[in-house]
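What follows is one structure encoded as structure tokens, with my remarks underneath.
The values are calculated or read from the model by the stated rules, or taken from the named source; none is laboratory data. Values in this document were obtained by computation on a predicted structure and should not be read as measured data. Cβ sites come from the backbone with ideal geometry, for glycine too, and all protein chains shown count toward neighbours. What goes into the accessible areas is simple: the full protein's heavy atoms, side chains included, and nothing from ligands, DNA or RNA. Shrake-Rupley method; radii C 1.70, N 1.55, O 1.52, S 1.80 Å.
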Amino acid sequence: MTSQKASARAHTNIALIKYWGKKDQQLILPMNGSLSLTLDHFYTDTMVEFNSAFTEDTFYLNQKKFDATKVSPFLDLVRQLNPQAGYAHVISKNHVPNAAGLASSASAFAALALAASTAAGLKLSRRDLSRLARRGSGSATRSIYGGFVEWLPGTSDQDSYAVPIDEKVDWDIEMLAIIIDRKQKKVSSREGMQRVVATSPFYPAWVKSTNTDLIAAVKAVKQHNLKLLGQLAESNALRMHALNLSARPPFSYFEPQSLVAMNIIEKLRSQGVCCYYTLDAGPNVKVICSTAESRQIISALSAAFAPEQIIEAFPGPGAKLIEC
């Protein structure tokens, strides 16, 4: 191989039924299955070039050079599939805040998986792309697909991957992202998961209840039942964050403004508006609602949040190749 490059775009996904804990740290096999919605607004563009003239891997994110150890272990997985692929030059741009609970790692590694495998001359199926992306970030396994996606936990590298549940979402559902804080969180998702699995006395109950939630949520998606899906997502998110408070030492991703947003959504719901919230490993609140009621919800949120803090997002597409 002399030189070969490819570029890809992948969108973030927000988990409605959460993955929070691994049974295999190296292979990133989750304790339980999960369900997510890929969003159109947040995404990552990544270009990968393998060149026989390169003497080391290089990595640029948002025009800033980073230590290549952030991507080299993942590139090694691609090189195992094609030993002819040498060192790589990686240029990535995140259109989503890093490490703020908005799934930047999901879009980042899904885009890297598609760009790197293509540049290496591999023609992977979407299932195998999902498996590859998982090795970079668990949630990335779902960003290979658009719309609603389920991650099958599996028991090995071969059977842990995502499958689409509803890729072409043609019913009235969207998500409002309330940006509380764009800064990197103090406790990473990886560290938080490990602490919870190791120390929370409630973790086994979490796995059991989440598996039950997942079955019901997949059914709600197929029935286009926004109310049931929202109820399940909100309850599942609150139980995930309760786990964090039960860990030793305890930790929380909530900030005061997170609670403000949650209270506004609860008040709107008491007034008959069909809206529910979810939070991942960060303070930012995501609201599940219909486009028919989104203006009313945005108006209520605007009393506490600036316009630039409220982002409207719709079901987005799966990972795809783009022009270099």
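Rolling a 1.4 Å probe over the protein heavy atoms leaves Asp76 with an accessible area of roughly 70 Å². Placing a pseudo-label 7 Å from each Cα along the Cα-to-Cβ vector at Ile322 and Val260 gives an inter-label distance of 3.3 nm. Dividing the summed helix terms, -39500 (n - 2.57) for each DSSP H run of n ≥ 4, by the number of residues in the chain produces a 222 nm estimate of -11500 deg cm²/dmol to the nearest 500.
Across the range 168-184, coupling constants 3J(HN,Hα) worked out from phi with the 6.51/-1.76/1.60 Karplus curve, θ = phi - 60°, read 9, 6, 10, 10, 7, 8, 8, 9, 9, 9, 9, 7, 8, 8, 8, 6, 5 Hz, and Gly and Pro carry x. Each residue of the range 287-299 was assigned a 3J(HN,Hα) from its phi angle through the Karplus expression (A = 6.51, B = -1.76, C = 1.60, θ = phi - 60°), giving 10, 8, 7, 9, 5, 4, 10, 5, 5, 5, 5, 4, 4 Hz with x at Gly and Pro.
Would you mind working out the accessible area per residue for the chain, using a 1.4 Å probe, and quoting it in Å²?
Details: 13750 Å² over 324 residues.
For the chain, the per-residue accessible area is 42 Å².
In this view, the solvent-accessible surface of Asp172, computed with a 1.4 Å probe and all protein chains in place, comes to about 70 Å².
Relative contact order, whole percent, for the chain stands at 25, derived from Cα pairs under 8 Å and 6 or more residues apart. Each residue of the range 41-55 is assigned a 3J(HN,Hα), and the resulting list reads 7, 9, 7, 10, 10, 9, 10, 10, 10, 9, 9, 5, 7, 5, 10 Hz, derived from the Karplus form 6.51 cos²θ - 1.76 cosθ + 1.60 (θ = phi - 60°), x at Gly and Pro. Amide H contacts for Leu16 (H built 1.01 Å from N in the peptide plane; partners 5 or more residues away or on another chain; cut-off under 5 Å): Leu35, Ser36, Leu37. Accessible area per residue (1.4 Å probe, heavy atoms of protein chains only) ranks Glu323, Glu191, Glu49 as Glu323, Glu191, Glu49, with the largest value leading. Please name whichever of Met240, Val207, Leu226 sits farthest to the positive end of the charge dipole of the range 176-324, dipole taken about the Cα centre and charges placed at Cβ: Lys and Arg +1, Asp and Glu -1. Most positive-ward Cα: Val207.
Assuming charge only on the beta carbon of Lys and Arg (+1) and of Asp and Glu (-1), the dipole of the range 156-294 about its Cα centre is about 520 debye to the nearest 20.
Summary value for the range 51-167: 19 percent relative contact order, contacts being C-alpha pairs under 8 angstrom separated by 6+ residues.
Less than 5 angstrom separates the built amide H of Tyr277 from those of Ile288, all sequence-distant by 5 or more or on a different chain.
Toward the positive end of the charge dipole of the range 4-76, with +1 on the Cβ of Lys and Arg and -1 on the Cβ of Asp and Glu, the farthest Cα among Thr46, Ala15, Gln26 is that of Ala15.
Placing unit charges on the Cβ atoms only, positive for Lys and Arg and negative for Asp and Glu, gives the chain a dipole magnitude near 540 debye about its Cα centre.
When nucleic acids and ligands are ignored and a 1.4 Å probe is applied, Leu129 ends up with an accessible area of around 10 Å². Only Lys, Arg, Asp and Glu carry charge here, each on its Cβ (+1 for the first two, -1 for the last two); on that basis the range 233-280 has a dipole of about 120 debye about its Cα centre.
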